[in-house]
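Heads up, the thing below is written out as C-alpha cells.
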Amino acid sequence: MQDMIPNLKWKKCLMLNGSPFMYKNDSSNLPVCPAIYRWRFENPIGEIKKVYLGEAQNLKNRIEGYKNIGRPELKKEFEGWSRELIYLDTLEIGNFKINEKPYSAKSLYSDCTRKLFENIMLYQELGQGYKILNYGYE
C-alpha cells in the first residue's frame, strides 16, 4: 500500500447486459453497498458537460431516489437533458494509507470516509471545466 491519496478513477456503471446504466434505468440490479457516484451529462458527441456527485450508504436505494428528485433546480437539470445521455459512474478505490491508516473500498461503510471521498472528487471535477450541479457549486 502507498502512503498517499491514490489515483481515484471513475468507472462506468453497467447494466447486466453490459450497456451503460442511464438515468431512470431500472435500478433493481445495482449493488446494495456504499459508494461514491457521479451522474455524467454528455452531449450527443460524448463530451461531458455537467456532473452531479453524491455518496450513498446503499447505492441501489439512492439511485432509485432519482426517480423523484426533490430539489427543483436539480430536477430541472435532470428532466431538461436527454435522459439517454445521463450516465452513472462509481468511484473505484484501491488500497492505500494516509498517515499509516489503511483505506479501501470497505472504508466507504463509514459516513465520514464517504463524505471525504465525495469532496475530494468534487474538488477534482472543479478543475475539469464541467458544470457542477451539486448544491453550492452552481
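The values are calculated or read from the model by the stated rules, or taken from the named source; none is laboratory data. Everything quoted here is computed from the prediction, not taken from an experiment. Glycine gets a Cβ as well: all are built from the backbone with ideal geometry, and neighbour counts include every protein chain shown.
Quick notes on this structure:
- Selected residue [crowded, with 17+ Cβ neighbours inside 10 Å and in contact with a helix residue (DSSP H, G or I) (Cβ under 9 Å, 6 or more places away or on another chain)] from LEU91, LEU74: LEU91
- Subset of the stretch 63-96 [hydrophobic (A, V, I, L, M, F, W, C), assigned to a strand (DSSP E or B) and either under 18 Å from GLU42 (Cβ atoms) or under 12 Å from the mean Cα position of the chain (by Cα) (or both)]: ILE86, LEU88, LEU91
- Failed condition for LEU53, given (1) under 28 Å from SER107 (Cβ atoms); (2) hydrophobic (A, V, I, L, M, F, W, C); (3) free of Cβ contacts under 8 Å to residues at least 24 places away in the same chain: (3)
- Filter pass, LYS60 being within 17 Å of the chain's Cα centre (by Cα), free of Cβ contacts under 8 Å to residues at least 60 places away in the same chain and assigned to a helix (DSSP H, G or I): yes
Quick grid of which residues meet (1) modelled with pLDDT of 90 or more; (2) under 22 Å from LEU16 (Cα atoms); (3) surrounded by fewer than 19 Cβ atoms within 10 Å (Cβ to Cβ):
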| position | (1), (2), (3) |
| --- | --- |
| PRO31 | yes, yes, yes |
| LYS49 | yes, no, yes |
| ALA56 | yes, yes, no |
| ASN61 | yes, yes, yes |
| ILE86 | yes, yes, no |
| THR113 | yes, no, yes |
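- Output for the stretch 29-88, where each listed residue is among the aliphatic types (A, V, I, L, M) and touching a strand residue (DSSP E or B) at 6+ places or on another chain (Cβ under 8 Å): ALA35, ILE36, ILE48, VAL51, LEU53, ALA56, LEU59, ILE63, LEU74, LEU85, ILE86, LEU88
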